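The values are calculated or read from the model by the stated rules, or taken from the named source; none is laboratory data. Remember, predicted model here, so these are calculated numbers, not experimental data. Neighbour counts run over all protein chains shown; Cβ positions are idealised from the backbone, glycine included.
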């Protein structure tokens, strides 16, 4: 069926349930202030430290729908903006996720923005400064973002590759917020809450994570994230031994290098 | 099974009895009494050792029959290798000493003990220690386990327990105890000199160490309960009653090294109980030395930072450190302005933090002029020219191992490698070459520009960002004609990203003099033109050497250098040097390539013959085996090696070195420039 105006768009839905998120600093207040002032946000931090969960939580809190785009190295501007489809011999415009978010006043979260192709910046820049517009070249249309729309991007500054650095012209448009691993006590609380394991096991998992984070740059590109700890906790809660859970959920996920893997397993067996 | 006569004859041959006139019949008799597998093993190693030194081989053959009863073969090999290493590094006496100390390797009388060879587990142990301590430590061998806080010293062979698994537990326990010495404040007592006023400081230190072992055991049982369970299993000490009471007191979670100190006078009244197998030595002098060095290094680094920040020079700059205990983050403040400390400063600060629990204010005074002692800095680079003017120095050079096919193992730190710049010579060679091959250059540029970022519009796709109008028109007319409409109506831009880093390694040995050298230089010019057109990242290095002590890599173009006048002049400045020792060059290029962030990494060697060197056994099979081993290492780390050789005999050994289809033999030097670009094109399409 051909839609009116030959235009297809998604209508993003609001989140029904409150996602669990444990604030570690003033990030909630910062996000709300940025939202009120129509400023886009840049979330920095290592993988699995809770950036995505934070955005979900804020979308729920601000009662806005959330559109998440996981960026990858083949993601082009038209993947974000939209494209023409042919339906029944006619062209129909299909809005991309970014346009859909702008039209519906949603929060659009571009995860790992540096992974996307450089041409995506052309559409992001005018949307991220005070113009707040999005140009759909192929349709000759300019979409003005409503007040409720917010752009959030994330990136991991830990990559060593120079190709994955963010350009100044891009980053200087955003209000930045740094995410680190939470404090041990908070992190243990998160792991307990998400997996249902006992406090002492959670504390040991967090201790183990700290050891792997010590290895960053000395055999590992990145230490174990909170997400991996939750995975390990869930496996333990389902009856795996802590050693097996650490091996499958954490050690093997972190590295393929035999020596580093062996050392990480020795660290976990020293703890449990 | 060999009989006495055969063994005797073999031994006489290996140990060169015709010159030494030594009677080896006693040794032969001992060996003949062993099972055949041990006989072969010992004779085999005696032969190999005789290549290093007859005296080492003789001593080995004398000791081996007894040792073979007590150690398994893997351990014997480690023992012998240790001795060979000592020979490589410090000469005959050192090697003999290691062989004679065989009893140290086996602390108890086990039959065929299965121990842990530190070298085998080096990677695991270092990573394990780094995970515990949060910083990179060094590892070295020593009779006893001890540390200065920066280097872990462990026995080369750990064979005190009966089986390999327990010996590994012992090894881990030693590392954990060394870590605990720093982490739980044992070291602080030493460098704060609290034992030095004691009437018998050595005895006090021994007792203090024994008490601290009790306390650290308790710390480990809390921090690393899994490891402690294993430690209990291998624990072998028995405590008298008074000491059991000490243990109870010291195992309290709040106990510190001060408690051990306060127990010391009382403990000194009794006898010291035997230590557990994992007790480590405390070396006050080494710790003091390291701490003083770190203090100096930190202050020098701080003065560098202070100088690099503009401001009024007269007022002394004040450093402070804000330490967030919860997160362990440290922030360096200069005159109340936060600055991001460089990684080395951060490491130093965290080390000082570990030693003192805070950063003492005197550590944060930037060093004044003249306080800089560059020898403190491990990473300091010497001017290679100056180093060569003295005797052959190893200082400031990079050491690379070399594969010894006779031993079937690496000779550690064997090649002394230095990077040097090729002198730039502006003699118009580049222009001449470009003019001489002008037609070829044009063709190369065209071909390679065509390969550059081959973005293609893929038509008739099921999905895509554009509509393929041709396909749509066809499809609509198909529909009008009554047939089904095609779904392939879109066009999609396919972006092929070339993400290639290539390193060229050029033979600069004396044999390239003349035609070959010219051809190499011309080839590099043409290749550079091609790569500039293509946009691949590339580096060019030349190599040459004379004996293992003078291995030189000549920088012609680094990866991050543009292809400008300087690089061009260096290409024209390539001149033949000495010999073709190759393994070190490949190993260094591997290291450089590994640093590159590229999807595909290629190492192309251009040589004029088989690897060889002056006056040592690099010629022939040895050199080829080493080069082959270096290439295998490259392949293992994801680098694609490819060999180009101007040597008609190359077909004999190249397949063995590079593997089939990974080499090209060029029959005449003058053809090299014409072919090299084409070879590269085929390699990377």
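Restricting attention to region A:189-204, and to residues there that are without any contact (Cβ under 8 Å) to a residue 60 or more places away in the chain and away from chain B (no Cβ under 13 Å), which single residue is nearest to the chain's Cα centre (by Cα)? Walk me through how you get there before you give the answer.
First pass over region A:189-204, keeping only residues without any contact (Cβ under 8 Å) to a residue 60 or more places away in the chain: A:191-192, A:195-203.
Checking which are away from chain B (no Cβ under 13 Å) leaves us with A:191-192, A:195-199, A:202.
Working: A:191: 19, A:192: 22, A:195: 21, A:196: 24, A:197: 25, A:198: 28, A:199: 28, A:202: 24 Å.
Across region A:189-204, the extreme among qualifying residues is A:191.
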Point to revise | Residue count for region B:377-432, restricted to those that are at pLDDT 50 or above and within 23 Å of the chain's Cα centre (by Cα) | key: 28
**Study point:** Selection within region A:88-126 - in contact with a strand residue (DSSP E or B) (Cβ under 8 Å, 6 or more places away or on another chain), within 30 Å of residue B:476 (Cβ to Cβ) and assigned to a strand (DSSP E or B)
**Key:** A:91, A:92, A:93, A:94, A:95
Practice item. Please indicate, with yes or no, whether at least one residue in region A:74-85 is in contact (Cβ under 8 Å) with a residue 60 or more places away in the chain and more than 14 Å from chain B (Cβ to nearest Cβ). Key: no
Study note, to complete from the structure: Scanning region B:451-483 for residues that are modelled with pLDDT under 85 and in contact with a helix residue (DSSP H, G or I) (Cβ under 7 Å, 6 or more places away or on another chain), the one surrounded by the fewest Cβ atoms within 10 Å (Cβ to Cβ) turns out to be B:452
Point to revise | All positions within region B:638-665 that are modelled with pLDDT of 85 or more, within 18 Å of residue B:583 (Cβ to Cβ) and surrounded by fewer than 16 Cβ atoms within 10 Å (Cβ to Cβ) | key: none
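Condition check: more than 17 Å from residue B:411 (Cα to Cα), in contact with a strand residue (DSSP E or B) (Cβ under 7 Å, 6 or more places away or on another chain) and in contact (Cβ under 8 Å) with a residue 24 or more places away in the chain. Does residue B:646 satisfy that?
No: the conditions fail for residue B:646.
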Point to revise | Criterion violated by residue B:94 - all others in (1) away from every other protein chain (no Cβ under 14 Å); (2) crowded, with 18+ Cβ neighbours inside 10 Å; (3) at pLDDT 80 or above satisfied | key: (2)
Exercise for review: Working only within region A:243-263, note down all residues that are touching a residue at least 12 places away in the same chain (Cβ under 8 Å) and either facing another protein chain (nearest Cβ under 7 Å) or in a loop (DSSP other than H, G, I, E, B) (or both).
Suggested key: A:255, A:257, A:259, A:260, A:263
Practice item. Please go through region B:183-222 and pick out each residue that is without any contact (Cβ under 8 Å) to a residue 40 or more places away in the chain, within 24 Å of residue A:266 (Cβ to Cβ) and surrounded by fewer than 22 Cβ atoms within 10 Å (Cβ to Cβ). Key: B:218, B:221, B:222
Study note, to complete from the structure: Going through (1) in contact (Cβ under 8 Å) with a residue 24 or more places away in the chain; (2) within 30 Å of residue B:498 (Cβ to Cβ) one by one, residue A:96 fails only at (1)
Check your understanding: Does residue B:132 meet the test of being assigned to a helix (DSSP H, G or I), at pLDDT 85 or above and away from every other protein chain (no Cβ under 12 Å)?
Key -> no
Review point. Among (1) surrounded by fewer than 16 Cβ atoms within 10 Å (Cβ to Cβ); (2) in contact with a strand residue (DSSP E or B) (Cβ under 6 Å, 6 or more places away or on another chain); (3) within 30 Å of residue B:580 (Cβ to Cβ), which single condition is residue B:426 missing?
Key: (2)
Point to revise | Enumeration of residues in region A:243-258 that are buried (at least 17 other Cβ atoms within 10 Å of the Cβ) and under 19 Å from residue B:122 (Cβ atoms) | key: A:255
Study note, to complete from the structure: Of the candidates A:215, A:235, A:220, the one satisfying the condition of being crowded, with 24+ Cβ neighbours inside 10 Å and either assigned by TED's automatic domain parsing to the domain that holds residue A:262 or touching a strand residue (DSSP E or B) at 6+ places or on another chain (Cβ under 6 Å) (or both) is A:215
